[in-house]
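Participant: Shown below is the structure under consideration.
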Amino acid sequence: MNRRSFGALVATVGVAGLSGCLSEYLDSGNEQTHEVLVVNETDERQLLTVTVTNAEGERLFRHEYRLDPQKVDESREFSGKPATVRVAVEGGVDETLEYQSDTECQPDANVLGIGISAEQTIELFYECG
């Protein structure tokens, strides 16, 4: 095989390989990765479960957190387009909130913050990371 034929073969294989990756990327709907940041603003240890679903009701994320007082956990992430966030605190609130990012990230915020206040209320906040 001469040098020109080999170069054409490498280019063809490279483009074919990239087109497979590109179609996989396009098929995924360009889903953004979201970091989950959970904040315990209470004076007690909290056990809470966070569940995120998309508009079709499919679960994108679920994790159980054990947070000491005044601590933050930012160790988890998920991909997809969130629609609702459910936060269930053991022995406390169980709330489902609509995901409403008002940040200027494109297309969505990539940090989903969840805070449990000293008054045992749940607040969502969004940041660009």
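The numbers here are math on the coordinates, done by the rules we state, and not lab data. Worth saying up front: this structure is predicted, and the values here are computed from it rather than measured. Every residue, glycine among them, receives a Cβ derived from its backbone with ideal geometry; neighbour counts consider all protein chains shown.
Participant: With r as the distance between the Cβ atoms of Ser117 and Lys71 and R0 = 22 Å, compute the FRET efficiency 1/(1 + (r/R0)^6) and round to 0.05.
Facilitator: Approximately 0.95, to the nearest 0.05.
Participant: So how strong a dipole does the stretch 33-127 carry about its Cα centre when Lys and Arg Cβ are +1 and Asp and Glu Cβ are -1, to the nearest 20 debye?
Facilitator: Computed about the Cα centre, the dipole is about 340 debye.
Participant: Modelling each spin label as a point 7 Å along the Cα-to-Cβ direction, I'd like the Arg45/Glu64 distance in nm, to one decimal.
Facilitator: If labels sit at Arg45 and Glu64, their model points lie 1.4 nm apart.
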